1. Is there a residue being over 25 Å from Arg378 (Cα atoms), assigned to a helix (DSSP H, G or I) and either open to solvent by 20 Å² or more (accessible area, probe 1.4 Å) or among the polar types (S, T, N, Q) (or both) anywhere in segment 188-197?
2. Restricting to segment 237-280, count the residues that are within 16 Å of the ligand (Cβ to nearest atom) and in contact with a Gly (Cβ under 9 Å, 6 or more places away or on another chain).
3. Evaluate the following for Thr160: is it free of Cβ contacts under 8 Å to residues at least 60 places away in the same chain and either open to solvent by less than 40 Å² (accessible area, probe 1.4 Å) or touching a strand residue (DSSP E or B) at 6+ places or on another chain (Cβ under 8 Å) (or both)?
4. Quick test of your reading of the structure: Phe306 fulfils all but one of (1) over 24 Å from the mean Cα position of the chain (by Cα); (2) within 16 Å of the ligand (Cβ to nearest atom); (3) of a type in the set (Phe, Trp, Tyr). Name the failing condition by number.
5. Can you tell me how many residues in segment 198-215 are within 16 Å of the ligand (Cβ to nearest atom) and either surrounded by fewer than 19 Cβ atoms within 10 Å (Cβ to Cβ) or among the small types (Gly, Ala, Ser) (or both)?
6. Just one of the numbered conditions (1) under 19 Å from the mean Cα position of the chain (by Cα); (2) closer than 16 Å to Val93 by Cβ; (3) assigned to a loop (DSSP other than H, G, I, E, B) is not true of Gly172; which one?
7. Can you tell me which condition Met171 does not meet? The list is (1) over 22 Å from Ile314 (Cα atoms); (2) touching a Pro at 6+ places or on another chain (Cβ under 9 Å); (3) surrounded by 18 or more Cβ atoms within 10 Å (Cβ to Cβ), and all the others hold.
8. Six or more apart or on different chains, Cβ under 6 Å: which pairs go from a residue in segment 326-338 that's touching a residue at least 40 places away in the same chain (Cβ under 8 Å) to one that's of a type in the set (Gly, Ala, Ser) and within 8 Å of the ligand (Cβ to nearest atom)? Could you list them?
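The values are calculated or read from the model by the stated rules, or taken from the named source; none is laboratory data. Just so we're clear, the structure is a prediction, and the values are computed from it rather than from any experiment. Glycine gets a Cβ as well: all are built from the backbone with ideal geometry, and neighbour counts include every protein chain shown. Accessible surface areas use protein heavy atoms only, side chains included; no ligands, DNA or RNA. Shrake-Rupley method; radii C 1.70, N 1.55, O 1.52, S 1.80 Å.
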Amino acid sequence: MASLPVLVLNSGSSSIKFAVYEASGEERRKLFEGAVDGIGTDLGQFHIKDAVGNTLVDQTPAVPTRAAAFALVAGALNSGEFPRPVAIGHRMVSGGPTIQDNQRITPELIDEMERYTAFAPLHTPIAVYIMREALRLFPGVPNFVCLDTYFHRTMPEVVTHMPIPEEYSAMGVRRYGAHGISYESIVYQLQPHVPGKLIVAHLGNGASISAIRNGACLDTSMGLTPTGGLISGTRTGDIDPGVLLFILRKIAETAESASEAADKLETVASKKAGLLGVSGLSNDMRDLREAIATGNARARLAVDKFTWTIARWIGSFVAELGGLDMLVFTGGIGENDIDSRAEICAGLDALGIVLDAQRNNVRGAAVISAEHSPVTVRVIPPAEDLMIVNHVVRLMAQ
Ligand code: ADP
């Protein structure tokens, strides 16, 4: 069986993360992973580590632009020092209404996805840039897009449809959800015993929660964009639209144009709100827990709002699923923040969710529910890169 080195690319606003896996039949083995951090600065960080954490590259180059950052990645992978990828998988938050399936990337496909930048405004510009660069710098290597929205395509219309005039629905405005590759990877890891009624809470810097029936997504908290749903690090989550109008009118008093006002509103709703907005301190749960320990009331309120919202969503998803077999926590907070898990579950025993304090005192994969808990509660780290490799291998075989 031929073994294929597959490159997975996952880029954020100040970093490019990548990993190369060897795929052979059903076997997947991570060969190495790396990142360029500090894009836009004179002191970036470029590292590559092998699968057991040995450092293969460790540099501190200037990375003034994203182009410079990706040139470092492409330079290393084309140098002959590392196995050259035979395929590349790209994570994409949303491809808009017309691109629903994971597929091979062409310049035309990139243009089409770019038309819907408004559906993932913080992510799409970066992702499409990297796709174009990857086509250019790895000539002849097929590139594939893996959409976060793909997992949510099974949601029924009553869930996805937004209560807005039809003319906007016709423009593709509806609920798409996000974090789908993480959810898929949880279902994948639970195979072959995927519970019929499953809730997965992906609690990272961005946070969302999904109701999954027999392995297929039934409902999810995020909406048209990742700003909807749960309160998260810097995002409002679902909010009375009147609040956004109030803020917009305030901003419009001094803005020079409508588009400037819209951009400022987007910054407020996506980058200045959530845990950061309420605490006035940080979007990082670690900082907030430290502040709570010293009696900071705003940090306490921010975290209470976060856990309260999640508990409410769990309650409504149990109603929607008609019961619950398993609750899974994943993402940076879900995996590491023992207190958040305990606080979310504290009032949920009526739903059959009972944590074991001892078992919950853990970071990383574990069963954390009490022996007698009707619902099993687990912590499972996401395996998004692996999921992308699986999609790439499947699409290459087609
Ligand atoms: P992203 O959403 O950017 O992919 P992650 O899923 O890695 O991010 O989650 C990052 C977040 O996880 C941090 O912002 C922080 O709030 C939280 N986090 C990470 N490590 C810990 C920890 N040890 N304890 C509590 N929270 C943590």
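1. Initial filter on segment 188-197 (over 25 Å from Arg378 (Cα atoms)): none.
Looking for residues that are over 25 Å from Arg378 (Cα atoms), assigned to a helix (DSSP H, G or I) and either open to solvent by 20 Å² or more (accessible area, probe 1.4 Å) or among the polar types (S, T, N, Q) (or both), one finds none in segment 188-197, hence no.
2. So the count comes out to 5.
3. Working: free of Cβ contacts under 8 Å to residues at least 60 places away in the same chain: yes; either open to solvent by less than 40 Å² (accessible area, probe 1.4 Å) or touching a strand residue (DSSP E or B) at 6+ places or on another chain (Cβ under 8 Å) (or both): yes.
In short, yes.
4. Condition not satisfied by Phe306: (1).
5. Here is the first cut: in segment 198-215, the residues within 16 Å of the ligand (Cβ to nearest atom) are 200-210.
Still in the running and either surrounded by fewer than 19 Cβ atoms within 10 Å (Cβ to Cβ) or among the small types (Gly, Ala, Ser) (or both): 201, 204-208, 210.
So the count comes out to 7.
6. (1)
7. (3)
8. Gly331/Gly204; Gly332/Gly204; Ile333/Ser340
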